[in-house]
Amino acid sequence: MSTCKSPSWLNLLWILNFWLLISGNNIYGHDLRDMLIKLQKEQGESLAAYILMQRIFPKASLTPLVRGGDCFEDLTISELGIYGAYLR
């Protein structure tokens, strides 16, 4: 698996996610490489249970917010997922 042998800085651009738990439980950075090596050694279907996604870096933007009936502006981050498909 070429991703496991890639430079460590490259692993910061990817996220590994268990496909049944789309939100949360993401594996980032140096932990990503270790998890890919572990899953590759297991040589079962366990690797197929994960999705390798390109990490997005959303920018903070000034957003109107309401709390306790008061409206104010603050910096927020909004992530819009980018979806793809793999067909065999």
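FYI, it's all coordinate maths here, none of it is from the lab. This structure is a prediction, so every number in the text was calculated from the model and none was measured. Positions of Cβ are backbone-derived with ideal geometry, glycine not excepted, and every protein chain shown enters the neighbour counts.
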Between the modelled labels at K59 and N26 (7 Å from Cα along Cα→Cβ) the distance in nm is 1.9 nm
The answer for Y50, listing residues at least 5 apart or on another chain whose modeled amide H is closer than 5 Å to its amide H, is W19
In whole Hz, the Karplus estimates of ³J(HN,Hα) for the range 35-47 (6.51, -1.76, 1.60; θ = phi - 60°; x where Gly or Pro) are 5, 4, 5, 4, 5, 5, 5, 5, 6, x, 7, 4, 5
Candidate cut points under GluC sites (Glu not before Pro) in the range 29-83, DSSP loop plus at most 11 other Cβ atoms within 10 Å of their own Cβ, are E45, E79
Given backbone amide H placed at 1.01 Å from N, residues whose amide H is under 5 Å from that of W14, ignoring those fewer than 5 places away on the same chain, are G29, R55
